[in-house]
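The values are calculated or read from the model by the stated rules, or taken from the named source; none is laboratory data. Values in this document were obtained by computation on a predicted structure and should not be read as measured data. Backbone-built Cβ (ideal geometry, glycine too); neighbour counts: all protein chains shown. Quick note on the areas: whole protein, heavy atoms, side chains included, nothing else; ligands and nucleic acids left out. Shrake-Rupley method; radii C 1.70, N 1.55, O 1.52, S 1.80 Å.
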Amino acid sequence: MFAYVDEFGNLSDTPPTQPYKFKEEDLIRPADTEDEYLYGKVSYYNEVGHYGFIRDNLSKETVYFNDKLAGMVLAVNQKVKYKYIRTKQGNQVSEIELQP
């Protein structure tokens, strides 16, 4: 026995009468959100350990950074534009720029 699936996900025992026509918007990939910068400000900085956290303006999530990852020394309440990656330990900064 054969089973056929139509474009809506329904199963039937007869093949479709006409092939599915792709729409142009079906073929366009969605924009990758990882390519967009996020905005936030430094919520905590430990001067002895040279690490801190950035709190996102929209989601209020925190992202870890240290001076080596950031490539600069940051201070509390500095506004930044950043990208992050997920690691085993949590979110870490991958790129960062200061905002005026």
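Considering each of V42, V63, V48, V93 in turn, give the residue that is more than 30 Å from D6 (Cβ to Cβ), exposed (fewer than 14 other Cβ atoms within 10 Å of the Cβ) and among the hydrophobic types (A, V, I, L, M, F, W, C). Write out each step before concluding.
Working: V42 fails: exposed (fewer than 14 other Cβ atoms within 10 Å of the Cβ); V63 fails: exposed (fewer than 14 other Cβ atoms within 10 Å of the Cβ); V93 fails: exposed (fewer than 14 other Cβ atoms within 10 Å of the Cβ).
Step by step, each of V42, V63, V48, V93 is checked, and only V48 is more than 30 Å from D6 (Cβ to Cβ), exposed (fewer than 14 other Cβ atoms within 10 Å of the Cβ) and among the hydrophobic types (A, V, I, L, M, F, W, C).
How about the range 64-100: which of its residues are closer than 17 Å to E47 by Cβ and among the aliphatic types (A, V, I, L, M)?
Within the range 64-100, L69, A70, M72, V73, L74, A75, V76 qualify.
Can you name every residue in the range 46-92 that is β-branched (V, I, T) and either under 18 Å from the mean Cα position of the chain (by Cα) or modelled with pLDDT of 95 or more (or both)?
Residues of the range 46-92 that are β-branched (V, I, T), as a first pass: 48, 54, 62-63, 73, 76, 80, 85, 87.
Correct list: I54, T62, V63, V80, I85, T87.
Take the residues of the range 1-18 that are surrounded by 10 or more Cβ atoms within 10 Å (Cβ to Cβ) and not in a loop (DSSP other than H, G, I, E, B): which is farthest from the chain's Cα centre (by Cα)?
Taking the range 1-18 first, the residues surrounded by 10 or more Cβ atoms within 10 Å (Cβ to Cβ) are 4-7, 12, 16.
Those still in the list that are not in a loop (DSSP other than H, G, I, E, B) too: 4-5, 12.
Details: Y4: 37, V5: 33, S12: 39 Å.
This residue is S12.
If I go through the range 19-45 residue by residue, how many of them are within 17 Å of the chain's Cα centre (by Cα) and at pLDDT 85 or above?
Taking the range 19-45 as the starting set, the residues that turn out to be within 17 Å of the chain's Cα centre (by Cα) are 29-40.
So of that shortlist, the ones also at pLDDT 85 or above come out as 37-40.
The total comes to 4.
For the range 19-34, does any single residue satisfy the condition of being closer than 20 Å to G90 by Cβ and open to solvent by less than 80 Å² (accessible area, probe 1.4 Å)? Write out each step before concluding.
Filtering the range 19-34 for residues closer than 20 Å to G90 by Cβ gives 33-34.
Those left that are additionally open to solvent by less than 80 Å² (accessible area, probe 1.4 Å): none.
Within the range 19-34 (the criterion being closer than 20 Å to G90 by Cβ and open to solvent by less than 80 Å² (accessible area, probe 1.4 Å)), the answer is no, since none of the residues qualifies.
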